[in-house]
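Structure, as structure tokens:
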């Protein structure tokens, strides 16, 4: 057997493995969305007992007890705020790293601690500190801070990777052509690193949006969506939860697609005139 | 080079420039004067400080010490955007997201010129550089030669006092370089803008520069016209770095009239004295150009030594004989390419040169 034949066999094997993995990754979500379309008498497992949009209507016209709309709004706003904050801080921090300031290595590792630190404990610690300071935990206060400490390292890493490949001489060329540092950043650097900026924004949004552990102790009485879902799971499991899971996944998909599309557009505009 | 009048304004003056990075001294006391409209080449091996010097002139590096004056104005502390310069980078550093037209107009836009004026001027410049066809294209879709033109057009549109070029044709195909060099030289002459061209390629430096500055180990070794540097190298480094020199190291054995006798492992050679008379016994070096050497029987007034011909390189205009000297070094002897060969490989021959053709070095051996 020649090496080409063998490598073809290997590629089949690895291909099968990859497809298997993707199925394993997406089947639970597919099952969930399928069951969310079951009839009004449908349960939380198969068989579906008819097909309807009943549970989505239920979600929309919810009772006070199980109204997901306020937590959804909070989560979305929180995620949006996290996204904006992460983007700005990640870009500026990565830009600062390019200057190799004194202690930049320590700064790098300390910032990355946000990824390593156990979320539940970080949230608890923040809640505790807030209490000591007489601050009431709130979704738009303490929770926001904890979420940013979680999302920022991801955005920061993205920007570092992008700046690593960025040719600083392009910026220098702008300076020698009469551009001030700010103009060079705005007109030259920013457009070139824009794909990374979008990536950082995406991390900021998606990581905050479904964060549970860091929210548990920090949101106070007005909970975010993952906490509301968890509370509902404790009370009563209905396909309504499946409906909200599906709706959320679709929203995320749309967000990612929008980002991918804008990235493709940027890339195309780089290539052609 | 005609002597510049004393009062003529200099395009660039550098006094005692120093720059260090941590423990590494990149530029160590470089001083330089460039008269109006000169083509100056900074030549040297990599790491000699030529690019750092250029970046200090551009304002991209802050010198630790020294002054930089552009057009008579002190700019040492000024940022790059306040200096009357433009710079061309080795890989051109084009803006990947901007069309050719937009980036050629960038400099004028920074000067806040009115839009119609920018449009008009960009059209003119694009046409002059024969890149008007690409006005709406992005750099990624252009060839190396086209990018080079865009970079040049972008740098020259504001008509700066100085154009700084960092290995500007190093990224081009070898075949393209010669044509581009001639074009750039003519462009420099027409525009009257001083060019400061950094290169490690002596062919570039000597064929383009009105004034060549040879650098080594963060210092200027020698500066002058190409002819001065090629014919009268001041130090063993310069003699060894530029092509076509045979370098000898030895000690001063005797001073006889206006010549010094230098004792080397290959014999004693008479070399004309230069400005200063060396001390007896002092370490000394001299060089003799390959085209001054020829096979000859011993003659008075000439230096000789016996060498083995190893191989012959034929370049068309010259035929170069590589001769083994015995200390592991080789010597080069050049002959006009059109003449019949005077030595064959393996031949042991006595070669020599007229004593006045030797060039005594001034600097201590480095």
R0 = 56 Å: FRET efficiency of residue B:254 with residue A:105, Cβ-based, nearest 0.05?
-> 0.35
Fully extended, how many nm does the chain gain between residue A:113 and residue A:24 (0.36 nm per residue separation, minus their Cα-Cα distance)?
-> 29.0 nm
Can you grab the distance from the C-alpha centre of region A:48-100 to the C-alpha centre of region A:144-185, Å, no decimals?
-> 26 Å
Going from the fewest other Cβ atoms within 10 Å to the most, one would list B:342, B:48 as B:342, B:48
With a point put 7 Å past each Cα toward its Cβ, work out how far residue B:33 is from residue B:140 in nm, to one decimal.
-> 5.0 nm
Bridge orientation stat for the protein assembly as shown from DSSP, antiparallel percent rounded to 5, came to 80 percent
Please report the base-10 log of the normalised intensity I(q)/I(0) for region A:68-235, using a Debye sum with one equal scatterer per alpha carbon and no solvent, at each q in 0.14, 0.16, 0.20 (1/Å).
-> -0.76, -0.91, -1.20
Inter-part gap, Cα centre of region B:59-75 to Cα centre of region B:156-199, in whole angstrom, is 22 Å
Each residue of A:164-173 has, on average, a number of other protein chain C-beta atoms within 10 Å of its C-beta equal to 5
Picking from A:201, A:231, A:213, which is most flexible by a Gaussian network model of chain A using Cα springs under 10 Å?
-> A:231
In what order do A:4, A:267 fall by count of nearby beta-carbon atoms within 10 Å, going from fewest to most?
-> A:4, A:267
Per-q log10 I(q)/I(0), the protein assembly as shown, q = 0.10, 0.11 Å⁻¹ (Debye; single scatterer per alpha-carbon; no solvent) = -1.03, -1.13
Partner shielding of A:178-191, taken as the mean number of other chain Cβ atoms within 10 Å, equals 4
Partner chain coverage, peptide B:130-143 - average Cβ within 10 angstrom | 2
Treating the angle as unsigned and between 0 and 90°, give the value, to the nearest 10°, between the Cα long axis of helix B:144-156 and the longest Cα principal axis of chain B.
-> 70 degrees
Tilt of helix B:115-128 relative to the longest C-alpha principal axis of chain B, in degrees (0 to 90, nearest 10)?
-> 40 degrees
Report the calculated FRET efficiency for residue B:312 and residue B:268 (r = Cβ-Cβ distance, R0 = 45 Å), to the nearest 0.05.
-> 0.95
Find the Cα radius of gyration of region B:266-329, compare it with 2.2 N^0.38 Å by division, and give the number to two decimals.
-> 1.37
Length released on extending from residue A:69 to residue A:194, taking residue separation times 0.36 nm less the Cα-Cα span = 41.7 nm
With axes computed from alpha carbons, what is the tilt in degrees of helix A:3-36 against the longest principal axis of chain A, rounded to the nearest 10 within 0 to 90?
-> 50 degrees
Given the options B:229, B:318, B:14, state which has the largest fluctuation in a GNM of chain B using a 10 Å cut-off (strictly under) for Cα springs.
-> B:318
Taking neighbour Cβ counts within 10 Å as the exposure measure, how do B:304, B:361 sort from fewest upward?
-> B:304, B:361
Scattering curve values for region B:12-231, log₁₀ I(q)/I(0), Debye with Cα scatterers, q = 0.11, 0.13, 0.14 Å⁻¹ = -0.53, -0.75, -0.86
Sites residue A:264 and residue B:217, calculated FRET efficiency, Cβ-Cβ separation with R0 41 Å, nearest 0.05 | 0.20
Determine the calculated [θ] at 222 nm for the protein assembly as shown from helices alone, applying -39500 (n - 2.57) to every DSSP H run no shorter than 4 residues and normalising by the residue count; nearest 500 deg cm²/dmol.
-> -14000 deg cm²/dmol
Expressed to one decimal in nm², the mean projection of the alpha carbon convex hull of region A:1-74 is 8.5 nm²
Nearest 5 is fine: what % of DSSP beta bridges in region B:12-231 come out antiparallel, could you say?
-> 55 percent
For chain A, modelled as a Gaussian network with Cα springs under 10 Å, which listed residue fluctuates most, A:132, A:80, A:160?
-> A:132
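All of the numbers you see were taken from the coordinates with simple rules; none came from a lab. Worth saying up front: this structure is predicted, and the values here are computed from it rather than measured. We place every Cβ from the backbone using ideal geometry, glycine too, and count neighbours over all the protein chains shown.
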